[in-house]
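Notes to accompany the following structure.
The values are calculated or read from the model by the stated rules, or taken from the named source; none is laboratory data. These numbers were taken from a predicted model, which means no experiment stands behind them. When we count neighbours, we look across all protein chains shown, and the Cβ atoms used for this are built from the backbone with ideal geometry, even at glycine. Calculation scope for accessible area: heavy atoms of the full protein, side chains included, ligands and nucleic acids excluded. Shrake-Rupley method; radii C 1.70, N 1.55, O 1.52, S 1.80 Å.
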Amino acid sequence: MALLRKVNQILVVLLLLMVCLLLHSSLLGASPRPKPAGIFHTDDWKSLGGAGGAGVSAARAPDVDNVVPIVICASEERIGAAMASINSVSSNTQSNVFFYIVTLRDAVKLTRKYIMKSKLKGIKYKILEFNPMVLKGKVKPDSARPDLLHPLNFVRFYLPLLDIHHKRVIYLDDDVIVQGDIKDLFDMKLKPGHAAAFSTDCDLPSTHEMVRSIGMQTTYMGFLDYRKQEVRDLGINPRECSFNPGVFVADISEWKKQKITKQLEKWMEENFRQNIYSSAMAGGVATPPMLIVFHDKYTTLDPLWHVRHLGWSPDARYAESFLQEALLLHWNGPFKPWSYPAVHLDLWEKWFVPDPSRRFSLVRPKSES
């Protein structure tokens, strides 16, 4: 009898232990688990804007039907460039513009402070942190110009994965100045089946003159290595005109439908294995995948909405009358307007917003005494 009582006590203890274990498992299952690291990340405190509630919390998206969404990257070393671009956009439109500012983790606080402590504090924006680990196995450090390998150069490949909910967006490089109303660019019509609109490198006569004067490549031959069989198999004429992916309008629905991001990643990985293009060529490593994937599948922008090559020479200049008509100026190339030497500095510097932390400053020649 005593033995039976002892067995019962042991069974009761075991039963209680099982109940405790079940309750513990249930609580663990109900508690929120940390999400795996994605490509983009946003925290509420990183997304709050300036005084008067100008910013938008990560939990609350802007009115998607009544906004012009702009995606622009802000790297720590070139943050003043992005702020000048943003200032030029917001100053030349009455439309409801919303900026998605993409940066790396180290520059999140700096980006937020630049906006909060400057004249830009009234803009509407969200800061998104890009995870460069997504580029592992896709980009090789073999560039003559290391800036072309910066992780933020590849943000444009991942637009549908941004924390946004828009049918279309405008992507801008940080070395552009917008002189027109960005709403006009946003409202342009894309042809059926096209996921984006770019500027062809064979558009304006003035651009042709600039290109000839600096010897720049404007064909597929300048971006792809036609000695490689993988490139020849594409069937793209090497003399065919290229386009510039530094400014474009993207149809996000069509982009998703055509799996553009996966296609771009495929060619990045192919180059990683076979070296089918090189940053020593005309456009670095971010342009060639776009040229391949969007070949014959893009709408052409109005040439005045992307006047480029201002950064390809410290001497070659456009006519001032032509630049006054331009709706968007792009200093693509190594000679940037926040550095020196460079051309048409006045057209860029009028939009420059001084860095309140004084970490970003203009490079200018010392005045002669």
Next on the checklist: Any residue at all in region 306-326 that's of a type in the set (Val, Ile, Thr) and assigned to a loop (DSSP other than H, G, I, E, B)?
Outcome noted: no
Checklist entry - Of the residues 125, 100, which is within 23 Å of residue 157 (Cβ to Cβ), crowded, with 21+ Cβ neighbours inside 10 Å and either out of contact with any helix residue (DSSP H, G or I) (no Cβ under 9 Å at 6 or more places or on another chain) or free of Cβ contacts under 8 Å to residues at least 12 places away in the same chain (or both)? => result 100
Checklist entry - Does residue 222 satisfy being at pLDDT below 95, out of contact with any helix residue (DSSP H, G or I) (no Cβ under 9 Å at 6 or more places or on another chain) and open to solvent by less than 10 Å² (accessible area, probe 1.4 Å)? => result yes
Next on the checklist: Any residue that is at pLDDT below 90 and hydrophobic (A, V, I, L, M, F, W, C) - is there at least one of those in region 129-137?
Outcome noted: no
Checklist entry - Would region 285-298 turn up any residue that is in contact (Cβ under 8 Å) with a residue 24 or more places away in the chain, closer than 22 Å to residue 342 by Cα and open to solvent by 10 Å² or more (accessible area, probe 1.4 Å)? => result no
Checklist entry - Do any residues in region 227-253 that are in contact (Cβ under 8 Å) with a residue 12 or more places away in the chain have Cβ atoms under 7 Å from those of residues that are surrounded by fewer than 16 Cβ atoms within 10 Å (Cβ to Cβ) and polar (S, T, N, Q), where the two are at least six apart or on different chains, and which pairs are they? => result 228/274; 230/274
Item to check | Residue list for region 183-200, filter: under 20 Å from the mean Cα position of the chain (by Cα) and basic (Lys, Arg) | outcome: 183
Checklist entry - Could you list, in sequence order, the residues of region 58-101 that are modelled with pLDDT under 95 and not acidic (Asp, Glu)? => result 58, 59, 60, 61, 62, 64, 66
Checklist entry - Here are some residues: 362, 328. Which one is surrounded by 14 or more Cβ atoms within 10 Å (Cβ to Cβ), in contact with a Phe, Trp or Tyr (Cβ under 8 Å, 6 or more places away or on another chain), closer than 23 Å to residue 155 by Cβ and of a type outside the set (S, T, N, Q)? => result 328
Item to check | Residue in region 232-255 that is surrounded by the fewest Cβ atoms within 10 Å (Cβ to Cβ), counting only those that are modelled with pLDDT of 95 or more and under 30 Å from residue 335 (Cβ atoms) | outcome: 236
Next on the checklist: Given (1) of a type in the set (Gly, Ala, Ser); (2) touching a residue at least 40 places away in the same chain (Cβ under 8 Å); (3) open to solvent by less than 10 Å² (accessible area, probe 1.4 Å), identify the lone condition not met by residue 137.
Outcome noted: (3)
